[in-house]
Every structure is written in C-alpha cells, then in structure tokens.
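Student: I have a structure I would like to understand better, so I am pasting it below and will then ask my questions one at a time.
Every read-out reported here was derived from the displayed coordinates using simple, explicitly stated rules and does not represent laboratory data. What you see is a predicted model; the values in this text were computed from it and never measured. All Cβ positions, even for glycine, are placed from backbone atoms using ideal geometry, and neighbour counts span all protein chains on display.
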Amino acid sequence: MYPSFCPGKIYLHRGSVDMRKSFEGLGGIVESSFPGELLGGSMFVFINRRRTHVKILSWDGDGFVLWYKRLERGMFPNILRDGDLIDRRQLAMLLEGITPKRMNRRFSIGENKMLKNNNIDL
C-alpha cells in the first residue's frame, strides 16, 4: 500500500536525506528547498543515499503525515530526469521499483480539445 491521496503536487527532493530525520527535520528541508509549499497539501518524497529507504511527508489539513518504506533487497530507481515535480504514476513506479524505458504520455485530454478547436484531425 502506498500513499495515493495527494490533491496537490508531488515533489522529489534531489539530494540524499538522513533517514533519522522526522517531521521537524524533513519539514526544515522542505522549507529550504521548496519555500512556502510545506502546508499547501503537497507531498514531499525523500530518498537516502543508498536508495534503499524512502520517506514521504505531507500535510493533511490538521497535521503532518509521514510514510516510510525500507527495501530488504535492491534499490529504488532513479526517476528524476529534469525537474523536481513528479506525478502520481511516477510515484507509484518509484515505490514499486519499476524503471520505465520512456516516460511519454500517449495523449492528454486538454491537448485533444485544443487540437479539435484548431481544426486538426487526429
């Protein structure tokens, strides 16, 4: 089971994090890396240096939630390519250990409407 309740953005912290940190320590990292986002309903994903542990910190309206996973064997894949934001699919793949060969969407509903408004056939 993994956290799938994120109405906001999902941020993946680029650097490695000491997994002994808890709410206050991780919250301090969030404030320094993503100013003003801590209480906005976003999720923040932290991975240790060996990529065997992951912690996810989020604010659910009346308190912080901390989710923790430790692998017995293997490592979490490196999915961060060009930015700090990931989507829920990338989070699920990270937690399940899936390394995609490519990360292209087939289509987007917003793009589909835009193409129809411009009279472009698909």
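Student: On full extension of the chain, what length is gained from Arg89 through Arg50, given 0.36 nm per residue of separation minus the C-alpha to C-alpha distance? Display every interim value, and only then the final one.
Tutor: On the way: separation 39, 0.36 × 39 = 14.04 nm, distance 2.28 nm.
This chain segment gains 11.8 nm when fully extended.
Student: In what sequence do Val45, Val30 fall when counting other Cβ within 10 Å, fewest first?
Tutor: With the sparsest Cβ surroundings first, the list reads Val30, Val45.
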